[in-house]
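The values are calculated or read from the model by the stated rules, or taken from the named source; none is laboratory data. Everything quoted here is computed from the prediction, not taken from an experiment. Positions of Cβ are generated from backbone atoms using ideal geometry, with glycine treated the same way; all protein chains shown enter the neighbour counts. We work out accessible area using only protein heavy atoms, side chains counted, and drop any ligands, DNA or RNA first. Shrake-Rupley method; radii C 1.70, N 1.55, O 1.52, S 1.80 Å.
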Amino acid sequence: MPCGGARIDLFLAAIVIGITNGAFIALIALGYTLVYGIIELINFSHGDLFMLGTFACLTTLTLLGFATEVGIGGTPWWALLAAMLLAMAFCGTLNVLAERIAYRPLRKAPRLAPLISAIGVSFIYVNLGLLWQGPTPRRFPDLLPQYDFVSQMFGLETLVRFTFKDLFVLGLAIPLMLALAWVIRNTRMGKAMRAVAQDSEMASQMGIDVNRVISFTFLLGGILAGAAGLMYGLYNNNTVFTLGFDAGLKAFTAAVLGGIGNVSGAALGGFVLGLLSAIVITFLGGQWDSVGVFSLLVIILVFKPTGLLGQGASD
Amino acid sequence: MSDILEARSVTKAFGGLVAVDEVDFTIPEGAIVSLIGPNGAGKTTFFNVIAGLYKPTRGTVHFGGKVISGLPPHQITRYGIARTFQNIRLFQNMTAVENVMVGHHSRMTSSPFDAILRLPRERTEERETEVKARELLEYVGLKGRDGVTAKNLPYGDQRRLELARALAAEPKLLLLDEPTAGMDPNETARMTAFIRRLRDERGITVLLIEHDMKVVMGISERVTVLDHGTKIAEGTPTVVQRDERVIEAYLGRAASAAS
């Protein structure tokens, strides 16, 4: 095969991987941006919350008897659904509790105090993860059908693969993001969120229970992190207690890239970052991944400090 | 007429600065009452104590027979007190109708889960709120501006929109913080007439804060004057206008001596 053809193959393959990875990053980035938009806190524990989300899924699947893929005929959809709902509930609750216990008492303190508190919560999560699943990487059961649409459905022989796993991740992540956008745009709670984001004092005078709205925001962020946990586990088939640091950093970068506080920006930033990272890894090698990602961040911040879609406002 | 609001020796101190000092204040139900005083007299602070943004350092505020001082602001709104701000504070990036719908928040009962599940209850409520919001926009004179983003409205319309938003909370008592600030005499006259209409047609009790004495004289049944955080005079506009301490507070000692 001529060299040029292989390059296009590789490029397309990288694009598919990038979009799928972008979907996880976007889901986690939304958790950063929602919270920042409403109380201007960078919730540094969010990446580790996502890590605990993968653990919650792993434990649920293990308890349901699907710890290993050996000898399983067909995908146990009900177990996946149960794992996802449980992880969503778990991460959502944990995030709400963290806000209640560690951030709310500091709401009127200088900006640095809740930030440090968030780093503290991050340490707690990491150590909780260490106690829960131990220090070594854990295998996450490979429960999705092994099916590649490109080669098996269309019979094309290329490097490009669009597998059932990619479809699964995108088919779950994109509707979740649309649902989030819909809730913020159209519901009473969504309007209240936008109101609190702009001016919480005024919102309280309009009869909005500000604390409740903030709790709801943390709940939404946690739910998305829990869902991302299941997707990550099933896609990569492994997880480890340090997963949150890297994922969190990338997602935070994506949120800043898109314009922190801006919901569509976080989704866009996630996909841009996923794509860039996949292209860099494919053509330059894995050691250049972080270099590429953070160079992009620096460039964007130099030329457009508010991020791609940011105007400082949250809607 | 019974009193809808009663403040008993309300004091608000910020560190060593006493902004409001032992103020007793009542508002009869259905009245239009004004609070005036020179700059820095403590009017807005007193207002914020009533609205729940500040907790009084000492003293209590009763509304409709219940103690409201110390309650969170959204609770106070739910009891029936709504307000506008001295410097317009709208949700700049929302449309006019959305702003008013947010104002109705405290009267809505459906939960986020109703919304996510698209229960008929939530949809009906949302639709009714929108209809009400449009009616209110028309009532304040913003017919046809429903879909305009708040920040793109002219100044006078923004004031009107703020009023519509406050009315959406279905208040029994409306607190207006300098509603005619920045308006020309014509607009001021129209706004004053509108405030009277609010009381006459909707039975809403009104507390006005004004910097400018002339504005309140026409519409208030009672005027209270604050200076340096203390109440220095109270009574009908004509009585207050002739009060020596009031003239002194506004114009200085020399002026009162000269008159």
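Data table
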read-out: Selection within segment A:109-127 - open to solvent by less than 30 Å² (accessible area, probe 1.4 Å) and under 20 Å from the mean Cα position of the chain (by Cα); value: A:ALA118, A:VAL121, A:SER122, A:TYR125
read-out: Given (1) closer than 19 Å to B:ARG78 by Cα; (2) open to solvent by less than 60 Å² (accessible area, probe 1.4 Å), index of the condition B:THR109 fails; value: (2)
read-out: Evaluation of A:LEU130 against (1) at pLDDT below 95; (2) open to solvent by less than 80 Å² (accessible area, probe 1.4 Å); (3) over 30 Å from A:THR282 (Cα atoms) (one fails), failing number; value: (1)
read-out: Within segment A:161-170, tally of residues that are open to solvent by 50 Å² or more (accessible area, probe 1.4 Å) and at pLDDT 90 or above; value: 1
read-out: Contacts under 8 angstrom Cβ, first residue in segment A:15-37 being open to solvent by 10 Å² or more (accessible area, probe 1.4 Å), partner basic (Lys, Arg) and not in a helix (DSSP H, G or I), 6 or more apart; value: A:VAL16/A:ARG161
read-out: Residues within segment A:204-258 that are of a type in the set (A, V, I, L, M, F, W, C), more than 18 Å from A:LEU27 (Cβ to Cβ) and within 13 Å of chain B (Cβ to nearest Cβ), tallied; value: 5
read-out: Subset of segment A:156-189 that is within 26 Å of B:ARG123 (Cα to Cα) and free of Cβ contacts under 8 Å to residues at least 12 places away in the same chain - its residue that is nearest to the other protein chains (Cβ to nearest Cβ); value: A:THR187
read-out: In segment A:185-213, the residues that are open to solvent by 20 Å² or more (accessible area, probe 1.4 Å) and under 16 Å from A:VAL35 (Cβ atoms); value: A:ALA197, A:GLN198, A:SER200, A:VAL210, A:ASN211, A:ARG212
read-out: Matching entry among B:ARG165, B:ARG145, B:ARG134 (being within 15 Å of the chain's Cα centre (by Cα) and outside the structural domain of B:GLY30 (by TED's automatic domain parsing)); value: B:ARG165
read-out: Test: residue in segment B:65-76 that is open to solvent by less than 40 Å² (accessible area, probe 1.4 Å), closer than 23 Å to B:ARG199 by Cα and among the hydroxyl-bearing types (Ser, Thr, Tyr); value: no
